[in-house]
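The values are calculated or read from the model by the stated rules, or taken from the named source; none is laboratory data. All values reported here derive from a predicted model rather than from experimental measurement. Ideal geometry is used to build each Cβ from the backbone, glycine not excepted, and the neighbour counts take in all protein chains shown.
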Amino acid sequence: MASGKATLGSGIHAPGGRRAEGVKKRSRLGVSLRKHWQLYLLVIPPLLYLIIFKYIPMAGAQIAFKNYNVVKGIWGSEWIGMTHFIRFFELPNFWMYIQNTLGISLFNLLINFPAPIILALALNEVRNGWFRKTVQMVTYAPYFISTVVMVSILIVSLNPNFGVVNHLLNLLGFQSVNFMGIPKLFKSLYVFSDTWQLTGYSAIIYIAALAGINPDLYEAAKVDGATRWRKIWHIDLPGIMPITVVLLILNVGNMMKIGFEKIFLMQNPLNVMTSEVISTYVYKVGLIGANFSFSAAVGLFNSIINLILLLLVNYMARRLAKTSLW
């Protein structure tokens, strides 16, 4: 009976205990809101931006499964399932688009992911303040050049008739080369122009991470007689490893989302076989061709591949490096 009464009593008081706990949580939330209302106010604009421009438009992705009609609208258009996806997979140039997109992305990742790390490690070893600031300014500056201007500089510099590069080749006794018209050179031109433009700016986050390393570690290494290479290998690289892994995950998660604007501006009829990627194809089919449902299906396929890559690399990073996004 005693145990029965205790059980009964606990059953009676349990709901009241849960209600009391809920009241306490709401009270703590209210106190936090009153105390830190400025911080919550700062969160509202980016939260609204995400909801309005990112989450609400997701409802429009359903046109990838419909025969979209402008008059009927998104909800009134006929549902046709996976037809657009199958049509995309059966395109004669399907594998060319995939190969070009992955080829440029992998080459870009291979060259431009380690480049900022190397620059940051090198600048961290420079003791001359004037020289370090000069190098930082020279490497940061190209980032602020717009993509249109950047591609214009590239086209003018490589022009076979009056480009400065071909003038130098002629002075050395070589024939002029139409760099922008050679399909095999497109990936290299795209990637190495990105290296020049983005390396300095991308190195900022690694320089900040290196600045946060405990100076006592360097003092201990100096006492032990460690060389600069040993300091870099055993102190600098482990110190920036967490942020490096996170940025690698984000870069891999955007592999299929290769920059549209620059590739589109660099395209011409001579190099289109190696420069046509999924993003440029979606633009030509969707906006120029007004085939909205088909282009939405191609774009959705692209996003799904990015999501799979992101989840896969995040899982591998969590297992191997013990660092991940979540």
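Of the residues making up region 81-93, those that are surrounded by fewer than 15 Cβ atoms within 10 Å (Cβ to Cβ) and either of a type in the set (Phe, Trp, Tyr) or closer than 22 Å to Tyr190 by Cβ (or both) number 2.
Within region 221-280, being among the charged types (D, E, K, R) and under 18 Å from Leu185 (Cβ atoms) holds for Lys262, Glu276. Applying the condition of being of a type in the set (Phe, Trp, Tyr) and under 17 Å from Lys257 (Cβ atoms) to region 94-110 and asking which residue is surrounded by the most Cβ atoms within 10 Å (Cβ to Cβ) yields Tyr97. Taken over region 116-132, the criterion of being over 24 Å from the mean Cα position of the chain (by Cα) and assigned to a helix (DSSP H, G or I) is satisfied by Ala122, Leu123, Asn124, Glu125, Gly129, Trp130, Phe131, Arg132. The one condition from (1) among the aliphatic types (A, V, I, L, M); (2) modelled with pLDDT of 80 or more; (3) over 30 Å from Val285 (Cβ atoms); (4) surrounded by 10 or more Cβ atoms within 10 Å (Cβ to Cβ) that Ile44 does not meet is (4).
Within region 67-98, the residues that satisfy the criterion of being charged (D, E, K, R) and not assigned by TED's automatic domain parsing to the domain that holds Asn302 are Lys72, Glu78. Of the candidates Val149, Val135, the single residue that is in the same structural domain as Gly181 (by TED's automatic domain parsing), of a type in the set (Val, Ile, Thr) and over 25 Å from the mean Cα position of the chain (by Cα) is Val135.
Taking helices (runs of 4 or more DSSP H) that do not extend beyond region 201-274, which have at least 3 residues that are in contact with a helix residue (DSSP H, G or I) (Cβ under 6 Å, 6 or more places away or on another chain), among the hydrophobic types (A, V, I, L, M, F, W, C) and at pLDDT 90 or above?
237-253, 260-266
Hey, among the residues in region 133-151 that are part of a helix (DSSP H, G or I) and free of Cβ contacts under 8 Å to residues at least 24 places away in the same chain, which one's surrounded by the most Cβ atoms within 10 Å (Cβ to Cβ)? Among those that are part of a helix (DSSP H, G or I) and free of Cβ contacts under 8 Å to residues at least 24 places away in the same chain, it is Val135. When Glu125, Glu90 are screened for being at pLDDT 90 or above and among the charged types (D, E, K, R), only Glu90 passes. Residues in region 51-67 that are part of a helix (DSSP H, G or I) and surrounded by 11 or more Cβ atoms within 10 Å (Cβ to Cβ): Gly60, Ala61, Gln62, Ile63, Ala64, Phe65. If you filter region 81-104 down to residues that are without any contact (Cβ under 8 Å) to a residue 40 or more places away in the chain and in a loop (DSSP other than H, G, I, E, B), you find that the one that is farthest from Ser279 (Cα to Cα) is Gly81.
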